[in-house]
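Novice: Pasting in a structure now, in structure tokens, and then I'll have a few things to ask.
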Amino acid sequence: MAERRQQAQKKLEGGPSLDYGDDLSEDTRLMYEGYAKTMDQTSMDVCIFMRNRSGIHMQLDEGHNAEAEELFEIVVQENNLPKECEDVFSLWLVSPILELRLKKKHKPYFIVRQWDELCSLYTDAKAVEIQEDEPVLMFQRNVFFPIEQEQNIAHEQIQCLLYHEAKFNVLEGRYILARNEYHTLAGIQALLTWGKYSPRDHIIETYRASLYQFYPEHMYRKPSVSFFKKKTAEPKDDIENRWLDAHRQISQEFEHEDIDKILGTLYRRYMEVCWKYPFYGAAFFDSFINKPLGKLGFLKRNHNIETWAAINTNGVTIIDREKDEVLLAVPFTELCWEYIEPQFDVDDDAFPALLLQFLVTETNPDSGAPQQVTKVLQVYSRQARMMKALIESCVERKKHMGDQVDGGSDTDFQWGINKLDRMCLSTFSKSGECLD
């Protein structure tokens, strides 16, 4: 495994620039030119997908040389999208294993040619998973587009695309919401999908058969059997009834409206629920953190928590993927970060990490008085370098735009660090003295 990664790293030197800047390096440009000289000048089929499950299929002469900027413009023209969408959306290469935002001058064909090496370098997937992995070109939200600007969008077609992407993230379990808000969103989605509630057409069996299309899996799956008592999920029957009620209520609210004429209003209503969460519009990175050992730590087989590290223009959120809950959400104003290389490990189990340092007020164990300390969390990921680059790009762009590096004054983000006991943290005084 270690040898394979070293080979991948060597092959990718001068390859696709995977930070989140705007320009390609000269080495990358030369690599593309070298590839292009070996290609026959033939046409190529290209398909670009969107989160509303539509797509654009095209046949391009010299398609291997097509840049992301050209392909993006084709999508805009084919869908009659306004010019403002150039800031809202980007082209991505997306697969179950890896997601990469493309820069304007990237040539997707050449990045796909190196996909196995990229997956080997930036993920911990097994060789057989990498061999079967296949990326698709996706037209989706630009991670650098400020949420505050999105709230001012009135163009219905742009709202539609943003709605479908938010819905995808909700159903995939990336957006972790308050339980009652899942019912609100499912009600809005039902109104958009099925129309207004009708007692004759919308019986409880209708909702029961469609849970997977309107709710993330953790809302309706059966709890796993464990020796230790765990909090059980909401009963299925209760979910179905609450969903029916949500569909009926929003149908009554728009009882005298033609749904086709208020689509933009409904899209916005859905996104308003998502906007207030700190991970909205984020890029998600596969990662893990250490659990605190505690008194019974020796009984635990797995000392890691599989997580999502979600990074957007305002801050960083750490999400527990097994328990589907937010562990940490910190705005950039309260955060320091540092990338660290993996330490040598004969078993090749060492991962690079991103150190996140943030301020916390806690009780002094001696005096009982409140005191401010800093906590340090190590987030391990093959993509840690990309995470650092994205954070720095987000901060730099906000400074360049003259904005404060904060969580956004116009948005009620639910920043919080109230799951500290679930994470393995180091504690320091404000002067830098290690306290544990």
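Novice: For the range 374-418, give me each residue that is of a type in the set (Val, Ile, Thr) and at pLDDT 75 or above.
Specialist: If we filter the range 374-418 for residues that are of a type in the set (Val, Ile, Thr), which is where we start, we get 374, 376, 379, 391, 395, 405, 411, 417.
Selection gives Thr374, Val376, Val379, Ile391, Val395.
Novice: Okay, moving on. What are the pairs, 6+ residues apart or on separate chains, where a residue within the range 62-73 that is in a helix (DSSP H, G or I) has its Cβ under 7 Å from a residue that is modelled with pLDDT of 90 or more and among the hydroxyl-bearing types (Ser, Thr, Tyr)?
Specialist: Note: pairs meeting the criteria are Gly63/Tyr109; His64/Tyr109.
Novice: Within the range 50-66, take every residue that is surrounded by fewer than 18 Cβ atoms within 10 Å (Cβ to Cβ) and either at pLDDT 95 or above or under 25 Å from the mean Cα position of the chain (by Cα) (or both) and give me the one that is farthest from Phe110 (Cα to Cα). Outline the logic, then answer.
Specialist: Kept after step one, since they are surrounded by fewer than 18 Cβ atoms within 10 Å (Cβ to Cβ), are these residues of the range 50-66: 52-62.
This time we only want the ones that are either at pLDDT 95 or above or under 25 Å from the mean Cα position of the chain (by Cα) (or both), so: 52-56.
Details: Asn52: 27, Arg53: 25, Ser54: 24, Gly55: 21, Ile56: 20 Å.
Applying the filter and picking the extreme gives Asn52.
Novice: Which ones in the range 88-104 are touching an Asp or Glu at 6+ places or on another chain (Cβ under 8 Å) and of a type outside the set (S, T, N, Q)? If you could, list the steps in order and put the result at the bottom.
Specialist: The first filter runs over the range 88-104 and keeps only residues touching an Asp or Glu at 6+ places or on another chain (Cβ under 8 Å), leaving 88, 92-93, 95-98, 103-104.
Hits for the range 88-104 are Val88, Trp92, Leu93, Pro96, Ile97, Leu98, Lys103, Lys104.
Novice: Within the range 307-350, track down each residue that is surrounded by fewer than 22 Cβ atoms within 10 Å (Cβ to Cβ), part of a strand (DSSP E or B) and either at pLDDT below 90 or among the hydroxyl-bearing types (Ser, Thr, Tyr) (or both).
Specialist: Tyr339
Novice: So, one more: Can you tell me which of Glu73, Glu84, Glu69 is open to solvent by 40 Å² or more (accessible area, probe 1.4 Å), over 30 Å from Ala384 (Cβ atoms), modelled with pLDDT of 95 or more and of a type outside the set (Phe, Trp, Tyr)? Let's see the steps before the verdict.
Specialist: Working: Glu84 fails: modelled with pLDDT of 95 or more; Glu69 fails: over 30 Å from Ala384 (Cβ atoms).
Step by step, each of Glu73, Glu84, Glu69 is checked, and only Glu73 is open to solvent by 40 Å² or more (accessible area, probe 1.4 Å), over 30 Å from Ala384 (Cβ atoms), modelled with pLDDT of 95 or more and of a type outside the set (Phe, Trp, Tyr).
Novice: Evaluate the following for Ile130: is it more than 19 Å from the chain's Cα centre (by Cα), open to solvent by less than 10 Å² (accessible area, probe 1.4 Å) and under 28 Å from Glu67 (Cα atoms)?
Specialist: Details: more than 19 Å from the chain's Cα centre (by Cα): yes; open to solvent by less than 10 Å² (accessible area, probe 1.4 Å): yes; under 28 Å from Glu67 (Cα atoms): yes.
Answer is yes for this residue.
Novice: State which residue pairs qualify: first residue touching a residue at least 40 places away in the same chain (Cβ under 8 Å) and inside the range 241-256, second residue outside any helix (DSSP H, G or I) in any location, beta carbons under 6 Å apart, and separation of 6 or more residues or different chains.
Specialist: His247/Tyr197; Arg248/Tyr197; Ser251/Lys196; Ser251/Tyr197
Novice: Moving to a separate point now. Going through the range 337-396 one residue at a time, which ones are in contact with a helix residue (DSSP H, G or I) (Cβ under 8 Å, 6 or more places away or on another chain) and farther than 26 Å from Ala283 by Cα?
Specialist: Matches in the range 337-396: Asp348 only.
Novice: Give the residues of the range 193-211 that are in contact (Cβ under 8 Å) with a residue 60 or more places away in the chain and open to solvent by 40 Å² or more (accessible area, probe 1.4 Å), sorted by residue number. Step through it out loud before you land on a result.
Specialist: Going through the range 193-211, the residues in contact (Cβ under 8 Å) with a residue 60 or more places away in the chain turn out to be 195-196.
Lys196, the sole residue that qualifies.
Novice: Can you find a residue in the range 173-192 that is among the aliphatic types (A, V, I, L, M), open to solvent by less than 10 Å² (accessible area, probe 1.4 Å) and either within 21 Å of Thr313 (Cβ to Cβ) or under 14 Å from the mean Cα position of the chain (by Cα) (or both)? If you could, list the steps in order and put the result at the bottom.
Specialist: Initially, the range 173-192 is screened for residues among the aliphatic types (A, V, I, L, M), giving 176-178, 185-186, 188, 190-192.
Now restrict to residues that are open to solvent by less than 10 Å² (accessible area, probe 1.4 Å): 185-186, 188, 190-191.
Next, from what is left, pick out any that are either within 21 Å of Thr313 (Cβ to Cβ) or under 14 Å from the mean Cα position of the chain (by Cα) (or both): none.
Checking the range 173-192: not a single residue is among the aliphatic types (A, V, I, L, M), open to solvent by less than 10 Å² (accessible area, probe 1.4 Å) and either within 21 Å of Thr313 (Cβ to Cβ) or under 14 Å from the mean Cα position of the chain (by Cα) (or both).
Novice: Take the residues of the range 145-172 that are among the aromatic types (Phe, Trp, Tyr) and touching a helix residue (DSSP H, G or I) at 6+ places or on another chain (Cβ under 6 Å): which is surrounded by the most Cβ atoms within 10 Å (Cβ to Cβ)? Can you show your working first?
Specialist: Filtering the range 145-172 for residues among the aromatic types (Phe, Trp, Tyr) gives 145, 163, 168.
Among the residues that remain, those that are also touching a helix residue (DSSP H, G or I) at 6+ places or on another chain (Cβ under 6 Å) are: 145, 163.
Values: Phe145: 19, Tyr163: 25.
Per the criteria, the residue is Tyr163.
Novice: What are the pairs with Cβ atoms under 8 angstrom where one residue, in the range 79-102, is closer than 18 Å to Val143 by Cα and the other, located anywhere, is acidic (Asp, Glu) and not in a loop (DSSP other than H, G, I, E, B)? Sequence gap at least six, or different chains.
Specialist: Every condition considered, the pairs that remain are Val88/Glu150; Trp92/Glu99; Leu93/Glu99.
Novice: Looking for whichever is at pLDDT 95 or above and either surrounded by fewer than 14 Cβ atoms within 10 Å (Cβ to Cβ) or under 30 Å from Leu355 (Cβ atoms) (or both) here; the options are Gly281, Gly294. Which one fits? Outline the logic, then answer.
Specialist: Details: Gly294 fails: at pLDDT 95 or above.
The unique qualifying residue is Gly281.
Novice: Would you be able to tell me the number of residues in the range 366-383 that are in contact with an Asp or Glu (Cβ under 9 Å, 6 or more places away or on another chain) and either more than 13 Å from Ser426 (Cβ to Cβ) or open to solvent by 40 Å² or more (accessible area, probe 1.4 Å) (or both)?
Specialist: 6
Novice: I'd like the residue in the range 269-278 that is charged (D, E, K, R) and at pLDDT 95 or above and, out of all such residues, is surrounded by the most Cβ atoms within 10 Å (Cβ to Cβ). Let's see the steps before the verdict.
Specialist: Initial filter on the range 269-278 (charged (D, E, K, R)): 269, 272, 276.
Next, from what is left, pick out any that are at pLDDT 95 or above: 269, 272.
Numbers: Arg269: 20, Glu272: 12.
Going through the qualifying residues, I end up with Arg269.
Novice: Still on this structure, I have one more. Restricting the search to the range 351-368, which residues are modelled with pLDDT of 80 or more and assigned to a loop (DSSP other than H, G, I, E, B)?
Specialist: Within the range 351-368, the first condition is being modelled with pLDDT of 80 or more, and the residues that meet it are 351-361.
The answer is Phe351, Pro352.
The values are calculated or read from the model by the stated rules, or taken from the named source; none is laboratory data. Just so it is clear, the model here is predicted, and its values are computed rather than measured. Note that we place each Cβ from the backbone using ideal geometry, even for glycine, and neighbour counts take in every protein chain shown. Calculation scope for accessible area: heavy atoms of the full protein, side chains included, ligands and nucleic acids excluded. Shrake-Rupley method; radii C 1.70, N 1.55, O 1.52, S 1.80 Å.
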